[in-house]
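For reference, the structure is listed below as C-alpha cells.
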Amino acid sequence: MSKSIRIGVIGAGSISELHLQSYHNHPEAILHAVCDLQVERAQAKAEKYNIPHVYSDYNDLLLNPEIDAISICTWNNSHAEISIAALQAGKHVLVEKPLCKNVEEALAVEEAVHASGKTLQVGFVRRYASNTRIVKAFIEGGDIGPIYYAKASCIRKLGNPGGWFSDVERSGGGPLIDVGVHVIDLCWYLMGRPKVASISGNTYKKLGNRSNVQNLKFYKATDYNAEHNTVEDMANALIRFDNGASLLVDVSFTLHAKQDELTVKLYGEQGGVELEPELTIITEKHDTILNSTPQINDLSFDFTAGFQDEINYFIEVCQGTKTTLSPVEDGVEMMKILCGIYESSKLGKEIHFS
C-alpha cells in the first residue's frame, strides 16, 4: 500500500476548486487543511470537501505537522513567499503558474528547494495532459523532431478578468503572464527545453478592459473593478534559442479580433504537430503527407481532466515514486522568458542572453 498524502490548500479562490476536486478524487490524497485570507471562503470549501482544519493565516497551516504537501492557489505576488515558507516547513509544494513575479524571486525559490530536499512542482498543467503525453511520445520516438519552429496564440477578444488579474502589483502582468505562460511553456517543453538566446517582445495597452462592451459574457474575478487596470492588453514575441529553433507567440485579454483563438503548432524535420485546437500529427510516408488524428478521449486540452492528471502525478511525486515533469528549474527559466519579453518591450529592442 502506498502512503496516503495529507494535503493543505492555500488560497480558496476559483482555481482552488480544480485542485480540491482532483485531490478529493484521488484515493491516496487526504484533504487535511484549507486556508484563505477570507476565512469564510475557506470554511465553505471545508464544508464541501469535509476538510477538518481551516486557517486564515498560511503560517498557521504550515505549523500543522500532519500536512505532507500543499497546493498554492493564491495571487502571483505571494507565490514565492509561501513556497519558501512551505519548503522550510518540510512540505512538498505544488504552486500554480507562474512560479512568481520575477527572476529574483524565482532564484530564491530554487535555492529554498535545493536546501530543503523537498520537491516543488510548478503548475504547468498542460504538460500533464493526455494530448501532450502523446505528442511527447511521438517526438521521443523520432517521428517529429528535431523541432526548429513553433508558434502559439492565445487570443481573447474580450476577457480581462479584472480584480487581481488586472493589478500588476499582484499579478506581475496581464495576458502574457496569465495565459501566455501556458502556451509558451508547452511549446518550450515539447521543443526539448532549449536555452534562450534572444527575445524580441512587444506589449500593448490600448483598449483597457473594454468593460463598455455589452452582450458578451466572460469570467470576472470576485474583486472585479472596471476602473482598475494596470496590465497589458496584448503581447507578442519572437523567442530564439541557442540550438537555432524559434518560437513565435501572441496573447491577449482584449483585442479587436473576430473570435477567440487558441492554437499551438510545432514543426520538425520529420513531421509536425497541431496540439490545439485539436490534436493532429503530420507525417510523411512513402512520398505522401499524412494528417493523422489520434483516437483518444480529449483531442484538445480539458481543464478538469488535465488538473486531475497533474494532481495524480504530484501525489506520486510526494510518495517518492516519480520525479516531477515541471521542476523549479523550469519555473526559473520560464520566468526568464516572460520577464525577457516585458523587458524587450520596455527597452524597445531585442535582448540577448549569455
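The values are calculated or read from the model by the stated rules, or taken from the named source; none is laboratory data. Nothing here was measured: the structure is a model prediction, and the numbers come from that model. Don't worry about glycine lacking a Cβ; one is built from the backbone with ideal geometry, like all the others, and counts go over all protein chains shown.
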(1) in contact with a helix residue (DSSP H, G or I) (Cβ under 8 Å, 6 or more places away or on another chain); (2) outside any loop (DSSP other than H, G, I, E, B) all hold for residue 74 apart from (2)
Which residue, of 174, 192, is under 19 Å from residue 102 (Cα atoms) and either at pLDDT 95 or above or surrounded by fewer than 17 Cβ atoms within 10 Å (Cβ to Cβ) (or both)? 174
How do the pairs read when you match residues in region 306-332 that are within 16 Å of residue 126 (Cβ to Cβ) with residues anywhere that are of a type in the set (D, E, K, R) and in a helix (DSSP H, G or I), using Cβ under 7 Å and keeping only pairs 6 or more apart or on different chains? 306/126; 325/127; 326/127
Enumeration of residues in region 267-283 that are touching a Leu at 6+ places or on another chain (Cβ under 6 Å), in a strand (DSSP E or B) and crowded, with 19+ Cβ neighbours inside 10 Å: 273, 276
Scope region 318-338; condition surrounded by fewer than 20 Cβ atoms within 10 Å (Cβ to Cβ) and more than 15 Å from the chain's Cα centre (by Cα); matching residues: 319, 320, 321, 322, 323
Looking at region 37-49, can you tell me whether even one residue there is in contact (Cβ under 8 Å) with a residue 40 or more places away in the chain and not assigned by TED's automatic domain parsing to the domain that holds residue 178? no
Of the residues 223, 260, 233, only one is of a type in the set (D, E, K, R) and crowded, with 18+ Cβ neighbours inside 10 Å; which? 233
Surrounded by fewer than 24 Cβ atoms within 10 Å (Cβ to Cβ), outside the structural domain of residue 219 (by TED's automatic domain parsing) and under 21 Å from the mean Cα position of the chain (by Cα): does that describe residue 67? no
Just wondering, is there one or more residues in region 284-305 that are free of Cβ contacts under 8 Å to residues at least 24 places away in the same chain and of a type in the set (A, V, I, L, M)? yes
So residue 213, is it among the β-branched types (Val, Ile, Thr), on the phi < 0 side of the Ramachandran plot and surrounded by fewer than 16 Cβ atoms within 10 Å (Cβ to Cβ): yes
When (1) surrounded by fewer than 23 Cβ atoms within 10 Å (Cβ to Cβ); (2) in contact (Cβ under 8 Å) with a residue 24 or more places away in the chain; (3) of a type outside the set (D, E, K, R) are applied to residue 141, the one that fails is (2)
Say whether the condition of being in a strand (DSSP E or B) and of a type in the set (Gly, Ala, Ser) is met by at least one residue in region 170-187. no
Does residue 33 satisfy being crowded, with 18+ Cβ neighbours inside 10 Å and in a helix (DSSP H, G or I)? no
Kindly list the number of the only condition in (1) in a loop (DSSP other than H, G, I, E, B); (2) in contact (Cβ under 8 Å) with a residue 40 or more places away in the chain that fails for residue 337. (1)
Return the pairs, sorted by first residue and then second, in which the second residue is modelled with pLDDT of 95 or more and in a loop (DSSP other than H, G, I, E, B), the first residue lies in region 216-240 and is over 23 Å from residue 333 (Cβ atoms) and among the aliphatic types (A, V, I, L, M), the beta carbons are less than 6 Å apart, and the residues are 6+ apart or on different chains. 234/255
